[in-house]
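What follows is a set of notes on a single structure, which appears directly below.
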Amino acid sequence: MSRSTPRRAPVGTIPGILLLVILVALGVAMWRTSTSGPDADGLASTQQQPDYSYAERRDPADPFAAGLVDAPVGLVMFSDYQCPFCAQWTQDTLPELMEHAERGDLRIEIRDVNVYGPDSERAARAAYAASAQAAYWEFHDALFDGGSTRTSAELSREGLLSLAGDLGLDRGRFASDMASPEAAEEIARSEALATEHGAVSTPVFIIGGAPIIGAQPTSVFVEAFDSALDDARASGEG
């Protein structure tokens, strides 16, 4: 991604906090079904929440996904490797959702984006390079090990190459893939999808076509998953 591309404000800044408040309000508004006033016939009309499930790629060759490609429920996460809330969610919530993915009920798709700057972009490129050696999830989890983000030194080129070596990856191939145009294109693709869905900070989730903003408690995601699975089964998709 070009360095001239405007950076989105991290959650920790004042503009980022204000923007997140707005996003939360929008997310709540989209999450719930809103009821308007009486129509011309004096009857209340109901407006259904928008369906954002088109954010799901459902690509069998997607290395950044877990779970069956035709699982009844889809989850998309926009994530940044310097985002502490993303790290917390990976530690606290992802393992439970992975159990649903392993049972075939949930498709999880991670979209690595660059919110916090050069270290984030470098880490996303490194995750792409790991995916080229079928090690995306191992690398992803290592970057968030213990529910924490890594230091700037650990997200340097040498730090990321060292991590790749620790995971048993081919360092030469890893370095080449990390610097490749394809890595930049993948990040740009994810960021375009994030922008399209208003995900200007991280983490942002879309589960069952509905948004969740921020690293909410695990129970929020479990309830959202259960609701989406019930809907899918009722419609004959599950």
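The values are calculated or read from the model by the stated rules, or taken from the named source; none is laboratory data. Model, not experiment: these values are computed from the prediction. All Cβ positions, even for glycine, are placed from backbone atoms using ideal geometry, and neighbour counts span all protein chains on display. To get the accessible areas, we keep the full protein, side chains included, count just its heavy atoms, and leave off ligands, DNA and RNA. Shrake-Rupley method; radii C 1.70, N 1.55, O 1.52, S 1.80 Å.
Observations
- Among the criteria (1) exposed (fewer than 14 other Cβ atoms within 10 Å of the Cβ); (2) in a helix (DSSP H, G or I); (3) in contact with an Asp or Glu (Cβ under 8 Å, 6 or more places away or on another chain), the one LEU229 does not fulfil is (1).
This table checks each residue for (1) part of a helix (DSSP H, G or I); (2) hydrophobic (A, V, I, L, M, F, W, C).
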residue	(1), (2)
ARG107	no, no
ALA130	yes, yes
GLU154	no, no
GLU158	yes, no
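- Contact map, region 171-186: first residue assigned to a helix (DSSP H, G or I), second residue open to solvent by 80 Å² or more (accessible area, probe 1.4 Å), Cβ cut-off under 9 Å, separation 6 or more or different chains; pairs are ALA175/ARG157; MET178/ARG157.
- Taken over region 156-191, the criterion of being in contact with a Lys or Arg (Cβ under 9 Å, 6 or more places away or on another chain), within 23 Å of GLN88 (Cα to Cα) and open to solvent by 30 Å² or more (accessible area, probe 1.4 Å) is satisfied by SER156 alone.
- Of all residues in region 215-226, exactly one satisfies the criterion of being of a type in the set (Gly, Ala, Ser) and either in contact with a Lys or Arg (Cβ under 7 Å, 6 or more places away or on another chain) or surrounded by fewer than 19 Cβ atoms within 10 Å (Cβ to Cβ) (or both), namely SER219.
- The set of residues in region 100-135 being of a type in the set (D, E, K, R), within 14 Å of the chain's Cα centre (by Cα) and either closer than 17 Å to PRO60 by Cα or open to solvent by less than 10 Å² (accessible area, probe 1.4 Å) (or both) consists of ARG107, GLU109, ARG111.
Each row is one residue, and each column tells you yes or no for (1) crowded, with 22+ Cβ neighbours inside 10 Å; (2) over 23 Å from ALA194 (Cα atoms); (3) at pLDDT below 95.
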site: VAL73; (1), (2), (3): yes, no, no
site: PHE85; (1), (2), (3): no, no, no
site: GLN91; (1), (2), (3): no, no, no
site: TRP137; (1), (2), (3): no, no, no
site: GLU154; (1), (2), (3): no, yes, no
